[in-house]
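Here is the structure we will look at.
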Amino acid sequence: MREFTFVIEYDAGTDPIMDVCIEHPSVLAHSLDGFVTGDRFWRIERISGPEPALEAIETVRFDGTSCGESITDHDCEAARYHDVLERDEGELVLYTYLEDITRCESIHTLAGKHLPSGLVFETRREGSRHHWRVLMRSDANVGVLYDEIGARLRDGLTFRMGHLRDADGWRRDAFATLSMPDEQRTALEAAVAGGYYETPRETTLDAIADDLSIPRSTLSYRLRRAEATLARRFVGEGGDRWLR
């Protein structure tokens, strides 16, 4: 298998789903997409983030008038089916199926037009960026796909090349979006960035707490809760749930 990776960056106001991600930087959405034929595809998407963001994304997905796939000025015409597979505090899993797709210029349809059948897409949405990894049996015509994506992007979207190489394995943790409250995630990110988990430590809890303008005891509590979440996810607490 070969893999082709790239990023599409969105300006605010150019896509309703990406607007939610831009407004809520802690949102993280991973998807696994399968392109069945030229006129149909499916997606399973796991999204973590604050409740208002999840509600907004769910609303957009279930809005039959919203495209959410096209990268050009023309919305895709298709029969759309959506379902909620899982809904927990801070986490949402959505199933999407599109069929009878016409007049569509999306990553899926453009890749399906130029690349061999059997494509699999892994994606990640975070902030203003939509990261793509396309798994394919052959990279013939990837150059044509690259040129067409760049030529067809609507205003406000920017294409950034990643790499083309042999696939480096299946990313079993691709859907481990790891839901945790924003304040715990912020504390953990600050501790990692400051070198708190290095050996020897490069900062202290007092210094991190000062940077975040919170009491040391509050920071310590948030880090313990975040570390507990990481530990439970690592050992697989809660059974062998698919996509975890």
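The values are calculated or read from the model by the stated rules, or taken from the named source; none is laboratory data. In this text the structure is predicted, and so the values were computed from the model without any measurement. With ideal geometry, Cβ positions are generated from the backbone for all residues, glycine too; neighbour counts draw on all protein chains shown. Protein only, heavy atoms only, side chains kept; ligands, DNA and RNA dropped before computing areas. Shrake-Rupley method; radii C 1.70, N 1.55, O 1.52, S 1.80 Å.
Listing for the model above:
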item	result
Filter result for the condition that a residue is among the charged types (D, E, K, R) and in contact with a Pro (Cβ under 9 Å, 6 or more places away or on another chain), over Asp88, Asp63	Asp63
Within the range 106-140, considering residues that are surrounded by 16 or more Cβ atoms within 10 Å (Cβ to Cβ) and among the polar types (S, T, N, Q), the one nearest to Ile22 (Cα to Cα)	Ser128
Filter result for the condition that a residue is without any contact (Cβ under 8 Å) to a residue 40 or more places away in the chain, surrounded by 14 or more Cβ atoms within 10 Å (Cβ to Cβ) and in contact with a Phe, Trp or Tyr (Cβ under 8 Å, 6 or more places away or on another chain), over His30, His82	His82
Close pairs (9 angstrom Cβ cut-off, 6 or more residues apart or separate chains): among the β-branched types (Val, Ile, Thr) in the range 120-132, outside any strand (DSSP E or B) and open to solvent by 20 Å² or more (accessible area, probe 1.4 Å) anywhere	Val120/Met1
Qualifying residue in the range 219-226 (condition: open to solvent by 30 Å² or more (accessible area, probe 1.4 Å), touching a residue at least 12 places away in the same chain (Cβ under 8 Å) and closer than 30 Å to Leu94 by Cα)	yes
Some residue of the range 64-76 being touching a residue at least 12 places away in the same chain (Cβ under 8 Å), within 24 Å of Leu153 (Cβ to Cβ), open to solvent by less than 60 Å² (accessible area, probe 1.4 Å) and charged (D, E, K, R)	yes
Residues satisfying the stated conditions in the range 12-26, i.e. open to solvent by 30 Å² or more (accessible area, probe 1.4 Å), within 14 Å of Leu54 (Cβ to Cβ) and touching a Gly at 6+ places or on another chain (Cβ under 6 Å)	His24
Entirely in the range 153-244, the helices (runs of 4 or more DSSP H) that have 1 or more residues that are of a type in the set (S, T, N, Q), closer than 22 Å to Glu51 by Cα and modelled with pLDDT under 90	182-194, 216-235
